[in-house]
Amino acid sequence: MDCLPDPVDAAKRMPRPTCVVTMVAVRMFRLRVFAPLAALLIAGCGSGSQSNQHSASRGTSRAAGATSSSTPAGTTSGTTPQASAPGRCTPQQLRLTYLGSEGATGHIEASFQLRNVSQKTCTLFGYPGAQMLDAKGSALPTHVQRGGAFFANTRRRPREVRLVPGSSAGFVFGYSDNPEYGGGGPKPCPAATQLEVTPPNTYSQLVISLRGPSFAPCGGVLIASPVY
């Protein structure tokens, strides 16, 4: 009669496949569940780091922008040069012309012109000076008075005259050719053949020949108008 194995002993020796399979299944389940979660966590950490870096980078750009915008809008590093006001006309810029004389009843008005022959704009203001000369260039007695004579031009008020290149300004000298004019007895009336004119606000002279009717102010008195 064959001996049967002891059930207890057989049970101890028999493998327990059911338990092993169950543990393997549990581990695989855990891997399937937690692996995606772990991946999400890792991805979240990575994106958070990149977001922080991006935010920091954007913050730096703003700071640089704030620094560069400290200059007011619309301003530039340079300034636009402004055109300076024209200076006074010098005798070297001017050409003097004698236009002739007219008058009646012993009152004569001699007209002159100053033309800007330079390439720059300049200005004139005030009264010219004068000195009469004879044919040899010697000075004749001359007394220049400013304004207030018989003619309207000598009663003008001074004003600034702007002369662009090629433009002209005028002035007159009024005088009397009557030896008895003004009282005090007869006065000499020296005839000038040249006139030395000093433009307003200058110290140099322009000389011009006096052609035509005699230029003979009695008493050597010339009444000057302002330039106009």
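The values are calculated or read from the model by the stated rules, or taken from the named source; none is laboratory data. Because the structure is a prediction, the values reported are computed rather than measured. Don't worry about glycine lacking a Cβ; one is built from the backbone with ideal geometry, like all the others, and counts go over all protein chains shown.
So here's what we get for this one:
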read-out: Residue count, the stretch 197-219 (criterion: under 14 Å from residue 92 (Cα atoms), surrounded by 17 or more Cβ atoms within 10 Å (Cβ to Cβ) and among the aliphatic types (A, V, I, L, M)); value: 2
read-out: Residue list for the stretch 148-157, restricted to those being among the basic types (Lys, Arg) and exposed (fewer than 14 other Cβ atoms within 10 Å of the Cβ); value: 157
read-out: Any hit, the stretch 135-154, residues being at pLDDT 95 or above, under 44 Å from the mean Cα position of the chain (by Cα) and assigned to a loop (DSSP other than H, G, I, E, B); value: no
read-out: Residue 160, sole failed condition from (1) exposed (fewer than 15 other Cβ atoms within 10 Å of the Cβ); (2) more than 16 Å from residue 201 (Cα to Cα); value: (2)
read-out: Considering residues of the stretch 99-113 that are more than 46 Å from the chain's Cα centre (by Cα) and not polar (S, T, N, Q) only, the residue surrounded by the fewest Cβ atoms within 10 Å (Cβ to Cβ); value: 104
read-out: Flag for residue 213 being in contact with a Lys or Arg (Cβ under 9 Å, 6 or more places away or on another chain), in contact (Cβ under 8 Å) with a residue 40 or more places away in the chain and not hydroxyl-bearing (Ser, Thr, Tyr); value: no
read-out: Residues satisfying the stated conditions in the stretch 195-228, i.e. in a strand (DSSP E or B) and either under 35 Å from the mean Cα position of the chain (by Cα) or more than 19 Å from residue 152 (Cβ to Cβ) (or both); value: 195, 196, 197, 198, 206, 207, 208, 209, 215
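The rows are residues; the columns are (1) within 15 Å of residue 112 (Cα to Cα); (2) acidic (Asp, Glu); (3) at pLDDT 95 or above; (4) crowded, with 16+ Cβ neighbours inside 10 Å.
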| site | (1), (2), (3), (4) |
| --- | --- |
| 171 | yes, no, yes, yes |
| 180 | no, yes, no, no |
| 184 | no, no, no, no |
| 190 | no, no, no, yes |
| 195 | yes, no, yes, yes |
| 223 | yes, no, yes, yes |
